[in-house]
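Worksheet: the structure to be examined is printed underneath.
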Protein chains: 2
Amino acid sequence: MNAMFNRSSGSLPSRVTLVDVGPRDGLQNEKAQVGTAEKAQLVGMLQAAGLKEIEVTSFVSPKWIPQMADNTAVMAAVERRPGVRYSVLVPNMKGLEAALPTRPDEVVVFAAASEAFSQKNINCSIAESIERFAPVVAAAHEAGLKVRGALSCAVGCPYQGAVSPDEVDRVAGLLRSVGVDHLGVADTIGVGTPRQVQAAMERALKHFPLVEVSGHFHDTYGQALTNIYACLEMGIHSFDASVAGLGGCPYAKGATGNVATEDVVFMLHGLGIETGIDLDLLVDAGAFISGVLGRPPASRVGRAVLAKRQG
Amino acid sequence: MNAMFNRSSGSLPSRVTLVDVGPRDGLQNEKAQVGTAEKAQLVGMLQAAGLKEIEVTSFVSPKWIPQMADNTAVMAAVERRPGVRYSVLVPNMKGLEAALPTRPDEVVVFAAASEAFSQKNINCSIAESIERFAPVVAAAHEAGLKVRGALSCAVGCPYQGAVSPDEVDRVAGLLRSVGVDHLGVADTIGVGTPRQVQAAMERALKHFPLVEVSGHFHDTYGQALTNIYACLEMGIHSFDASVAGLGGCPYAKGATGNVATEDVVFMLHGLGIETGIDLDLLVDAGAFISGVLGRPPASRVGRAVLAKRQG
């Protein structure tokens, strides 16, 4: 019995870095249009809560993503703090060129681990999509920026179903070969469970060092926190999360929200892992943006803490 | 890196037993009054989905728990299936005497690991509450029934805050000493995270064999599935869960719902663990009772599967 217990009580990372993707990945997937000032205020509240990495906006054509049409204005409106890294998503060279004058610290490029998803989403093969990124990565590096690669559909795909770890292996290798510095392994549709996620992560770690691999999980099937825990057991210590679970309303049909930052922080602090984040201020940020959207936070910790405050 | 990965990929149990406590612990904590026929239909749908253990009702004074006043009628209305175990909660000898003619397979008694909770909830010390149970346990055994002990507030208490593993150790020992056969370790207020839960479980396992220890988690702070996963890593292979997350509306202030059976089954099946449960039929059961209550299921798997069915 003790042997069994000890097997699972090995050391976890002592510190975890969370990247709040709420302002970008979150708000991009909300139907409501949020104003520029509110977006900048959200970023301000997140950094006040202690977030050191924030994905602020994307430089994608407003034809496709009207929610992010004010990207330059948002970047200008954010009151930057020293020590905080601000990243933006860029789909191509045009996006990078638009992003550079706004002085991001990092840019995010993306590829899928599923050919079916790549074809449906960006109308080309995975290999083609990464070839197209190569000059974007080079230009970002020339501008002194770090490049994060987001690998979507790393466990499952809405079109092809299961995605094999071999595909993660292949695409992670391709992303590394074009110079991507960091790999974010994303279970975009939230179907993964711990062993599948660990298998995907194991392949990612063949191509990127531990410190440059992060996990990105969605709570569609409620599995996100458990998958983060399974990653912690592998030593992975960086995760994306979205304040208030922005990115999919839990009450709506086909909800696909990101894991809520508040829920992740509660778990990490409970595990004795440092995050540098003040949970109460983070709950405030989630309550603020949820108020703007006119609904309760999708974060269960957010709801429980707010209910407790009301007594 | 591989060593790290292997550490966390040890074998998990190949099979897990879930006890659906929705009809009792779930409906008891819902504000809406559900009819006897609907309760029996819920039990019928759960067993059709493959549940082999169901907590059907409680024999507590209707003054305290009006939702369970139809306990005898519900037990009579359930069309029993061979191989399914039906349990009922009994707070005292009067409850047991009322329960016995309804022919349950098991009875559940309860104690708290928190003195403050015991005093507030049942107005006596933990030791006194267990002394009072002793004859109930003996009488249940005499009637050929198995006795499950539910140990509430095993990690945290709404009145005293943190609960130490030493208290779990002490109360688990007391419950064993009066002949309780099985210990259900319950994080009643849902504040636990994996290491705290493992510490409580470790103490429970000092007094009960692995096969007679189960976990009972609430999703108030979204931690339930991760805690179940942490228990699986210890070899624990029986858990309470509540279809549709019955027992606390996720939209309400101070939500304290049980972990949803659907979410647990999704994780277990993803881990390759057998449950004998048909997830689609389970989602049907959750949709049925949620319809009776007039709200969407609190299970994220339930909502995602229902959304997918609608296309």
Hey, any idea what Rg/Rh is for segment A:22-178, computing Rh the Kirkwood way over Cα pairs?
0.98
Contact order normalised by residue count of segment B:155-311, Cα under 8 Å, 6+ apart, percent
18 percent
So for segment A:40-92, averaging the separation of alpha carbon pairs under 8 Å that are six or more residues apart and normalising by length, what relative contact order in percent results?
49 percent
Computed over segment B:165-221, the distribution of all Cα-Cα distances in 5 Å bins, rounded to whole %, is 4, 21, 31, 25, 13, 5, 1
In vacuo Debye scattering of segment B:88-214, one point per C-alpha: log10 I(q)/I(0) at q = 0.11, 0.21 Å⁻¹?
-0.34, -1.16
What does the net charge come to around A:His207 if you take all other residues with beta carbon closer than 15 Å to its beta carbon, with K and R at +1 and D and E at -1?
-1
Chain B - mean residue ellipticity at 222 nm from DSSP helices (-39,500 (n - 2.57) per run, n ≥ 4, rounded to 500):
-12000 deg cm²/dmol
Based on a Kirkwood Rh over C-alpha pairs, give the Stokes-Einstein translational diffusion coefficient of chain B at 20 °C and viscosity 1.002 mPa s in µm²/s.
111 µm²/s
Rounded to whole Å and ordered largest first, report the semi-axes of the equivalent ellipsoid of segment A:182-311 derived from its Cα gyration tensor (root of 5λ).
26, 17, 11
Could you work out the relative contact order of chain A? I mean the mean sequence separation of Cα pairs under 8 Å and 6+ apart, divided by the number of residues, in percent.
20 percent
Set the Förster distance to 51 Å, then compute FRET efficiency between A:Thr72 and A:Ala162 from the Cβ-Cβ distance, nearest 0.05.
0.80
Summing +1 for each Lys or Arg and -1 for each Asp or Glu, what net charge is found among the other residues whose Cβ lies under 12 Å from the Cβ of B:Leu225?
-3
What pairs in A:Lys146/A:Lys206; A:Lys308/B:Lys52; B:Lys31/B:Lys308; B:Lys94/B:Lys120 have C-alpha atoms more than 27 Å from each other?
A:Lys308/B:Lys52; B:Lys31/B:Lys308
Which is the longest run of chain B containing none of the chymotrypsin sites (Phe, Trp or Tyr not before Pro) found in DSSP loop states (not H, G, I, E, B) with at most 16 other C-beta atoms within 10 Å?
B:65-158
What translational D, rounded to a whole number of µm²/s, comes out for the protein assembly as shown from Stokes-Einstein when the hydrodynamic radius is the Kirkwood one over Cα pairs, at 20 °C and 1.002 mPa s?
86 µm²/s
If you build a Gaussian network model of chain B, linking Cα atoms that sit under 10 Å apart, which residue out of B:Leu246, B:Leu100, B:Leu46 swings the most?
B:Leu100
Net lengthening on full extension, A:Asp105/A:Arg195 (0.36 nm per residue, minus Cα-Cα)
29.0 nm
P(r) weight above 24 Å for segment A:1-103, C-alpha pairs, percent:
32 percent
Let me see the pair-distance distribution of segment B:51-130: every alpha carbon pair, 5 Å bin width, integer percents in order.
3, 15, 23, 21, 17, 12, 7, 3, 0
Net charge near A:Ala111, counting Lys/Arg +1 and Asp/Glu -1 over other residues with Cβ under 12 Å of its Cβ?
0
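Any read-out appearing in this document is the output of simple, stated calculations on the displayed coordinates, not a laboratory observation. Keep in mind that what you see is a predicted model, and the values were worked out from it rather than measured. Here the Cβ is made from the backbone with ideal geometry for all residues, glycine too, and neighbour counts use every protein chain on show.
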